[in-house]
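First the structure, in the form of structure tokens, and then the observations on it.
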Amino acid sequence: KIKVFENLLSAELADEIENELLGGSHEWYLMGNVTYDDAPGVDDVQAGFNHSHIQYSQVTSKRVFRYLTIPYTVIAKLDISVSNITHGRAWLHYPSLKPGTFNSMHNDQTEPHISIIYYVNDSDGDTIFFDKEDRETIIHRQTPKKNTAVIFSGDIPHCSSTPSKWRSVFNFVLEPVDWQKEVQKLVAL
């Protein structure tokens with residue numbers, strides 16, 4: 001239930017997005033924890049920067065229209081039916097003094113969904129995916145590679161890990177028309 005698309009966008013658009021997000025023209029807002037501000041039981045909290053473009057299905061940033069190419073390209077490649085994009089967020093993790101430390105394990109929302117993580121730049125700070133039943137078992141690791149998207153069933157717990165260099169991603173949450181049917185398309189590919 002995890003699909004990886006390399007070279008998702010044109011190289012030109014991927015470069016434009018990277019330059020915009022990492023070049024100083026994008027607005028960023030400090031978050032006390034890159035997963036949740038109040039994550040319980042986290043000893044080493046990784047602060048970072050966030051910019052929410054879509055929140056609870058409402059557009060919250062004029063910049064979102066530039067970045068909607070990411071989820072729409074995924075939707076077209078997978079041929080899935082989506083009723084809503086409930087969240088669209090950009091993240092910027094700064095270099096950590098403890099690279100490789102796992103951040104808080106989570107699911108992007110409680111309702112059935114499909115998640116997209118799009119890597120804006122080459123970095124480290126892998127995204128770690130865990131088994132739903134045995135949350136100690138790692139089922140997939142994805143190293144951030146520019147212009148790569150990871151699409152996965154929203155019931156798979158996951159977390160980022162702290163990078164040794166700047167790491168920027170987009171996270172989109174899609175609400176499928178028929179979650180069971182659309183998730184099966186991930187398995188079939």
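Per-residue answers, yes or no, for (1) among the aliphatic types (A, V, I, L, M); (2) in a strand (DSSP E or B); (3) under 17 Å from residue 87 (Cβ atoms):
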| residue | (1), (2), (3) |
| --- | --- |
| 135 | no, no, no |
| 141 | no, yes, no |
| 149 | yes, yes, yes |
| 164 | no, no, no |
| 170 | no, yes, yes |
| 175 | no, yes, yes |
| 183 | yes, no, no |
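I need the full set of residues from the range 162-175 which are under 26 Å from residue 13 (Cα atoms) and either in contact with a strand residue (DSSP E or B) (Cβ under 6 Å, 6 or more places away or on another chain) or surrounded by 21 or more Cβ atoms within 10 Å (Cβ to Cβ) (or both), in order please.
163, 167, 168, 169, 170, 171, 172, 173, 174, 175
Pick from 138, 128: which is at pLDDT 95 or above, of a type in the set (A, V, I, L, M, F, W, C) and either closer than 26 Å to residue 75 by Cβ or touching a Ser or Thr at 6+ places or on another chain (Cβ under 7 Å) (or both)?
On inspection, the qualifying residue turns out to be 128.
Between a first residue in the range 9-30 that is buried (at least 16 other Cβ atoms within 10 Å of the Cβ) and a second residue that is among the basic types (Lys, Arg), which pairs have beta carbons less than 8 Å apart while being 6 or more apart in sequence or on different chains?
14/146; 17/66; 18/146; 20/66; 26/63
How many of the residues making up the range 101-121 are open to solvent by 20 Å² or more (accessible area, probe 1.4 Å), farther than 19 Å from residue 57 by Cβ and in contact with a His (Cβ under 9 Å, 6 or more places away or on another chain)?
Count: 2.
Among the listed residues 62, 77, 98, identify the single one that is surrounded by fewer than 16 Cβ atoms within 10 Å (Cβ to Cβ), among the basic types (Lys, Arg) and modelled with pLDDT of 90 or more.
That would be 77, the only listed residue that is surrounded by fewer than 16 Cβ atoms within 10 Å (Cβ to Cβ), among the basic types (Lys, Arg) and modelled with pLDDT of 90 or more.
Within the range 3-21, how many residues are β-branched (Val, Ile, Thr) and either touching a Ser or Thr at 6+ places or on another chain (Cβ under 8 Å) or at pLDDT below 95 (or both)?
So the count comes out to 1.
The values are calculated or read from the model by the stated rules, or taken from the named source; none is laboratory data. The model shown is predicted, which means the values in this text are computed figures rather than measured ones. Heads up, the Cβs are rebuilt from the backbone with ideal geometry, glycines too, and the neighbour counts pull from every protein chain shown. Ligands, DNA and RNA are excluded from the accessible area calculation, which covers all protein heavy atoms including side chains. Shrake-Rupley method; radii C 1.70, N 1.55, O 1.52, S 1.80 Å.
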